[in-house]
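Peer 1: Dumping the structure here so I can ask a few things about it.
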Amino acid sequence: MNLRGIDLNLLTVFEAVYEERSQVKASERLGMTQPAVSNALARLRHVLADPLFRGRTRGLAPTPRADQAYQEIHQALNDIRKVLAKPVEFDPAHCFRTFCVGVASSTGLFYGPLLYERMRQLAPQARLRIRSIDPEEQMPGLLREHRLDLVIRHGRFDDPALEQPVFCEDELVVMVRAGHPRIRDMPTLEACLEEKFVCSINLLERANDAALNTFLEDIRERTVLEVTSPLVITHAFDQTDLLVLTHRRLAERFREIHGVRYYRLPIDVPPLRSFLIWHREMTSDPGHRWLREQLKAVVDGLETPDQPALFASPEPASPRVSPSGQ
């Protein structure tokens, strides 16, 4: 095909509509009128001999031909952007950049201070911003607009423009206050379900694992207090005998600060995976690559056996349930 007869601006319009799933949002993003975007799509449909998108109740649905074309067009446009971009060297010691990380649930509470400590030592002039994004569906758009550098989340998005490797693994545990009148050692499933719970709202969502999902359904029925922030949990400990369903690493933090105890779930479930997510446009950015390396170093450091007790995993007393801090 002779490219001289093709308006290559059509490709940027297609990329925007594909990523936004909306002609209105694409027009806002590109600074074009909606009729101009619609006209560009019509011309590209003629070139590719495919409708490209079909309307649906919530946004546009790409055709299989559009899915295939997007991968190649997006990569080609990114290659052009890289050629036109000025080369940038990154020196952490002289970096004044603000890095913004979007998080869900308690992730920011745990990883934020650890990442900041590394940055304070290696990039003392840089700034770190931890943002809790609600609803989480906003995250892909914020990554695309570079209003977020990274996202740490317990699930992947259905977005081909994002890189989403596994970041780390954790597990759910049952946490109780010291001196709980009934839970003094390894609780059975029956003992757990005789108690009442306080939980973060997002932990009660449906899980992919059948055994865990059944357990969560039972916990939902026993949950009398739902909170949006794990910081509220401390007050529940001070004033009630509620049990807490939370992540092991966060339970370690509470154990250090509040002297609580925690136990593995009385069921066999796979580990919980968190994913580190960013837009593919930032993959080769030197500063962004440095930030990803620092987060990886934080996680790798937590997995080493010589870490302080704050991050030490409890020694299991049985294959299924184990107390900590004994």
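Peer 1: Yes or no: the range 43-55 includes at least one residue that is buried (at least 19 other Cβ atoms within 10 Å of the Cβ), over 21 Å from ALA161 (Cα atoms) and among the small types (Gly, Ala, Ser).
Peer 2: No, there is no match, as no residue in the range 43-55 is buried (at least 19 other Cβ atoms within 10 Å of the Cβ), over 21 Å from ALA161 (Cα atoms) and among the small types (Gly, Ala, Ser).
Peer 1: If you don't mind, another one. Working only within the range 178-191, note down all residues that are assigned to a helix (DSSP H, G or I) and in contact with a Pro (Cβ under 6 Å, 6 or more places away or on another chain).
Peer 2: LEU189, the sole residue that qualifies.
Peer 1: Residue by residue through the range 194-217, note down the ones that are surrounded by fewer than 16 Cβ atoms within 10 Å (Cβ to Cβ) and at pLDDT 90 or above.
Peer 2: Result: GLU194, LYS196.
Peer 1: Among the residues of the range 12-35, write down those that are out of contact with any helix residue (DSSP H, G or I) (no Cβ under 7 Å at 6 or more places or on another chain) and assigned to a helix (DSSP H, G or I).
Peer 2: LYS25, GLU28, PRO35
Peer 1: Only one of (1) of a type in the set (Asp, Glu); (2) over 15 Å from the mean Cα position of the chain (by Cα); (3) under 26 Å from ALA251 (Cβ atoms) fails for GLU136. Which number is that?
Peer 2: (2)
Peer 1: I'm trying to understand the selection: among the residues of the range 146-168, which are assigned to a strand (DSSP E or B) and either surrounded by 13 or more Cβ atoms within 10 Å (Cβ to Cβ) or in contact with a Ser or Thr (Cβ under 6 Å, 6 or more places away or on another chain) (or both)?
Peer 2: Correct list: LEU150, VAL151, ILE152, ARG153, LEU162, GLU163, PHE167, CYS168.
Peer 1: While we're looking at this one, here's another question. If you check LEU291, LEU295, LEU276, which single one turns out to be surrounded by 17 or more Cβ atoms within 10 Å (Cβ to Cβ), in a strand (DSSP E or B) and in contact (Cβ under 8 Å) with a residue 60 or more places away in the chain?
Peer 2: Only one candidate passes the filter, namely LEU276.
Peer 1: A further question follows. How about the range 234-264: which of its residues are aliphatic (A, V, I, L, M) and either in contact with a Pro (Cβ under 9 Å, 6 or more places away or on another chain) or surrounded by 20 or more Cβ atoms within 10 Å (Cβ to Cβ) (or both)?
Peer 2: Passing the criteria: LEU242, LEU243, VAL244, LEU245, LEU250, ALA251, VAL260.
Peer 1: Moving to a separate point now. State whether one or more residues within the range 26-41 are over 22 Å from ASN78 (Cβ atoms) and either aliphatic (A, V, I, L, M) or touching a residue at least 40 places away in the same chain (Cβ under 8 Å) (or both).
Peer 2: yes
The values are calculated or read from the model by the stated rules, or taken from the named source; none is laboratory data. Since this is a predicted model, take the numbers as computed values, not measurements. Glycine gets a Cβ as well: all are built from the backbone with ideal geometry, and neighbour counts include every protein chain shown.
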